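The values are calculated or read from the model by the stated rules, or taken from the named source; none is laboratory data. This one's a predicted model, so the numbers in the text were calculated from it and none came from an experiment. FYI the Cβ positions are ideal-geometry reconstructions off the backbone, even for glycines, and counts take in every protein chain you see.
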Amino acid sequence: MDDLIFSLNATLPIFFTMVVGVILKKFDIFNDNFLSSLNKFVFTVALPILLFQDISSTDFIKNWDTKFVIFCFIVTLISVLISYLVSIFLKDKSIQGEFVQASYRSSASIIGIAFVQNIYGNISVAPLMIIGAVPLYNIVAVVVLSFLKPEKDKINIETIKYTIKDIITNPIIFGIIIGMVWTVLKIPKPIILDKTLVNLANLATPLGLIVIGASFDFNKAFKNIKPALMCTILKLIIFCALFIPPAVFIGYRNEYLVNILVMLGSATTVSCYIMAKNMGHKGILTSSTVMLTTMLSSFTLTGWLFILKSLGLI
C-alpha cells in the first residue's frame, strides 16, 4: 500500500499539472501564440539547462560502474530498435517518429530519481543509469524525429545533411555535451550561477506539462488512441518484461534493479512532446502517450515492485 501511495504521489501531480493547462486554455487564459512562445522557451532554454544541471552535478567518476552503464545503454538501444520495428506496421506513417520516441523514452531523470530516493533515501546509482540512458534518449530522439518527419522527402544526401545539422544545433544535445564537459573538467559553479540555473531548470517540467495540457485536443487524441495504447503497453509492460529477467540473470539486485525498472517502466517524459512539436510533428500522439503512461505508471510500477519484492530481488 505504501508503494502505491508513493507512486500516486509521484505521478498524479504531474497529470494534474497537465489538467491545469487544459483548464487555462478552456478559459482562454492561454492563446495559441502564447503557447507557441512558451513551447519554444521550454525547448531552447529550460530543458537544455535542466539536462545540463543533471549531468554537470553528477559525480559519476568516483562511483563509476562501466558494466552497469553499458547495460543501460544496450537495453535502451534495443528498446529503440523494437519501437522502430513495431512502428513499421503503423498505417499512418506521419506519426511514426512520435511513436518511436514516445515508446522508448522514459522520465528517468525526474520521476525515476524520486522513485529511487523514496525507496533508498538517496539517489543511489541513478546517475550511472542516467548517463547510460538519457544522452542516448535525446540523441536518438533527434535522429528519429528528423528522419521520420511527416511529409518529408525520401532519405538522400540533403536529408542526411539536414539531419546532421539538426543534431549539431539541437539545444537538448548542446545541453548534454556542455554538462558532460563541465563535470569531466570539474569546473566549479559559483553559487549565484548555480541558483540561477536551478531556477530556470525548475521551469522546464511544470511549464512543459502545462503546455501539453493546454495543447491537448481530446477529439484528435481519440483518433490516435490505438497507437497511444500501443506505446503505453510497450513503455510500461513489454520492455520491463523483456529486460528485467536478463538483468536478474546477470546479477543485478536491490538499487541496481530498481534503477533498471524506472529506466524501462516509468512514464514517457514530457520533453518528448516539446521536441516533437519543435521538430515538425503534430505532437498529438505524444501528448496522449504522456498522459496515459503518467496515469497508469503508478499502478504498473507498483506491480513490478511487488513482483521483485516477492521474489526477494529487492
The one condition Ala228 fails out of (1) out of contact with any Ser or Thr (no Cβ under 8 Å at 6 or more places or on another chain); (2) modelled with pLDDT of 90 or more; (3) among the aliphatic types (A, V, I, L, M) is (1)
Residue under evaluation Thr58, criteria (1) at pLDDT below 95; (2) polar (S, T, N, Q); (3) assigned to a helix (DSSP H, G or I), criterion not met: (3)
Is it true that Val211 is closer than 12 Å to Ile49 by Cβ and not aromatic (Phe, Trp, Tyr)? no
Residue match in region 262-276 (condition: more than 25 Å from Ile74 (Cα to Cα) and in contact with a Leu (Cβ under 9 Å, 6 or more places away or on another chain)): yes
Out of all the residues in region 172-224, which are at pLDDT below 90 and among the polar types (S, T, N, Q)? Thr183, Asn202, Thr205, Ser215, Asn219, Asn224
Mind counting the residues in region 250-300 that are within 19 Å of Val19 (Cβ to Cβ), of a type outside the set (S, T, N, Q) and under 13 Å from the mean Cα position of the chain (by Cα)? 7
Gly208: passes all of (1) part of a helix (DSSP H, G or I); (2) more than 29 Å from Thr44 (Cβ to Cβ) but (2)
Quick check on my filter: what residues within region 91-147 are β-branched (Val, Ile, Thr), modelled with pLDDT of 70 or more and not in a helix (DSSP H, G or I)? Val125
Per-region count, region 1-47, residues among the aliphatic types (A, V, I, L, M), surrounded by fewer than 19 Cβ atoms within 10 Å (Cβ to Cβ), modelled with pLDDT under 85 and in a helix (DSSP H, G or I): 4
Is it the case that Thr269 is at pLDDT 90 or above, within 22 Å of Leu145 (Cβ to Cβ), crowded, with 24+ Cβ neighbours inside 10 Å and not hydrophobic (A, V, I, L, M, F, W, C)? no
Looking only at helices (runs of 4 or more DSSP H) that lie completely in region 230-314, which have at least 2 residues being without any contact (Cβ under 8 Å) to a residue 60 or more places away in the chain and touching a Cys at 6+ places or on another chain (Cβ under 9 Å)? none
How about region 239-256: which of its residues are surrounded by fewer than 19 Cβ atoms within 10 Å (Cβ to Cβ), more than 17 Å from Phe73 (Cβ to Cβ) and not small (Gly, Ala, Ser)? Pro245, Val248, Phe249, Arg253, Asn254, Glu255
